[in-house]
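Written below as structure tokens is the structure these notes are about.
Every read-out reported here was derived from the displayed coordinates using simple, explicitly stated rules and does not represent laboratory data. Just so it is clear, the structure is predicted and the values come from calculations on it, not from any experiment. So basically every Cβ, Gly included, is an ideal-geometry build from the backbone, and we count neighbours across all protein chains shown.
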Amino acid sequence: MPLLSASPRRIGLAAAVLAAFLDQTHKYWMLHVFGIEARQPVTLTPFLDIVLSWNHGVSYSLFPAHETAGRALLLAGQSVIVAGLLWWLWRVESRLQALAIGLVIGGAFGNAIDRLARGAVADFFYLHTTLPVGPLANYVFNVADVAITAGVVLLLYESFFPPPPPAEGVA
């Protein structure tokens, strides 16, 4: 079925599955094939390295959860958010919104798999600068985080530039 004729729901579900699959495949490769733990850091550019960082919390390691109860609380919160996103996906009519929501769901699911299987989320891409722009200038992330960010950017795009309403009499 061509992508343009696929239902928004199918587009969103496909994006979610693809994002989670790419995230988990990349994490497996980095940990078990490439062996990043023994090779780090790998400098790619003056501002991007490949490293292994275990994130026990959420973005920027906020709300760290090293204990089982804390991880369960993070997973419960994440599950509620994903359930809300799935509810939204089932009702959305825009393919772009469905794609965006699917990317966020897939990224969240990829990170949840890590939290369940490893007790923390594996991050690999270390974006950094020596410019005096504050502590948020250094960021470690993974493929799931890229999917989540891309989904949010697409949602913002569509909120600022909504598609035109369909013409009257045109199905």
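Extending each Cα 7 Å along its Cβ direction at Ile113 and Tyr139, get the distance between those two points in nm, one decimal.
2.3
Using a 10 Å cut-off around each Cβ, can you sort Asp114, Asp23, Asp49, Asp123 from fewest to most neighbouring Cβ atoms?
Result, fewest neighbours first: Asp49, Asp114, Asp123, Asp23.
Between Leu31 and Ser7, what is 0.36 nm times their sequence separation minus the Cα-Cα distance? Round to one decimal in nm.
5.0 nm
To the nearest 20 Debye, how big is the dipole of the chain about its Cα centre, given +1 on the beta carbon of each Lys and Arg and -1 on that of each Asp and Glu? The partial results should precede the final answer.
Details: 9 positive and 10 negative charges, 60 e Å.
Computed charge dipole of the chain: roughly 280 debye.
Tell me the label-point distance for the pair Glu93, Ile81, using the 7 Å Cα-to-Cβ offset, in nm and rounded to one decimal.
Between Glu93 and Ile81, the simple spin-label model gives 2.9 nm.
What list of ³J(HN,Hα) values in whole Hz, one per residue of the stretch 37-52 in order, does the Karplus curve 6.51 cos²θ - 1.76 cosθ + 1.60 (θ = phi - 60°) give from phi, with Gly and Pro shown as x?
4, 7, 9, 6, x, 10, 7, 9, 9, x, 10, 9, 10, 9, 9, 10
Assuming R0 = 30 Å, what is the FRET efficiency of Thr43 and Leu156, from their Cβ-Cβ distance, to the nearest 0.05?
On the way: r = 32 Å, r/R0 = 1.07.
Computed FRET efficiency for Thr43 and Leu156 comes out at 0.40.
Ranked from highest to lowest mean number of other Cβ atoms within 10 Å per residue, what is the order of the peptides 38-48, 9-19, 90-100, 75-85?
9-19, 90-100, 75-85, 38-48
Just checking my list (1) 0.99; (2) 1.04; (3) 1.17 against Cα Rg over 2.2 N^0.38 Å computed from this structure; which label fits?
Read-out from the structure maps to (3).
Compute the acute angle (0 to 90°) between the alpha-carbon long axis of helix 95-118 and the principal axis of greatest extent of the alpha-carbon atoms of the chain; round to the nearest 10°.
So the inclination is approximately 30 degrees.
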